[in-house]
Amino acid sequence: MTETFNFFKTLTPTGYLFLLLTVITLFSAIGVVTARNPIYSVLALIATFFCLSGHYILLNAQFLAAVNIIVYAGAIMVLFLFTIMFLNLRKEDEESKTNLTKMISVVVGGVLMVMLITIFRAKSAQVPTVNSATFSSKTGLVENLGQLLYSDYILPFELASILFIIAMVGAVMLGKREAGDRHF
């Protein structure tokens with residue numbers, strides 16, 4: 001107990017902000033999973049993305065924070081909202097889950113929680129200290145990210161771009177209507 005108090009006494013304001021963002025992230029992530037209404041789940045996911053962007057800013061990765069807000073919290077969440085509205089989910093769909101499915105999900109979630117607690121309590125999972133000699137103010141900037149992406153990680157980057165092109169071609173082919181098809 002004394003270690004916990006000493007830990008909180010030695011924290012800087014950045015450490016307190018990190019802990020606050022972490023608590024908000026965890027509660028909003030739990031809200032994503034436990035929300036009965038899918039719209040509330042999407043709103044909790046947006047809050048999670050904003051908190052993760054705050055973590056990126058604390059890591060001096062402003063570009064990743066901006067991209068996370070623009071792409072994920074903006075575009076992807078709007079797409080999720082449109083999909084949920086088009087699906088028109090009803091209450092009777094929720095009742096179709098069997099008790100066996102619910103029990104299996106509780107067991108899997110409990111095993112995952114035990115694994116995560118075990119990992120975080122391990123001595124090797126302690127927070128490393130930052131050496132000020134190796135840290136520079138240009139750590140998370142776009143220039144360094146581009147240098148690393150186009151030098152060390154060029155093959156995974158190109159493979160991801162090929163995968164995206166294949167997915168776009170597949171989406172166009174699935175969405176293409178034949179001459180005699182009905183228009184909805």
(request) For the stretch 1-109, just say rounded, prolate or oblate: build the C-alpha gyration tensor, square-root its eigenvalues into a ≥ b ≥ c, call rounded for a/c under 1.5, and beyond that prolate if a/b exceeds b/c, oblate if not. (result) oblate
(message) What are the ³J(HN,Hα) couplings of the stretch 143-154, residue after residue, when phi is run through the Karplus curve with 6.51, -1.76, 1.60 and θ = phi - 60°? Round to Hz, x for glycine and proline.
(response) 4, 5, 5, x, 4, 5, 5, 8, 10, 7, 10, 5
(request) Find the Cα radius of gyration of the stretch 1-49, compare it with 2.2 N^0.38 Å by division, and give the number to two decimals. (result) 1.52
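No lab work stands behind these numbers, since they all come straight from the coordinates. These numbers were taken from a predicted model, which means no experiment stands behind them.
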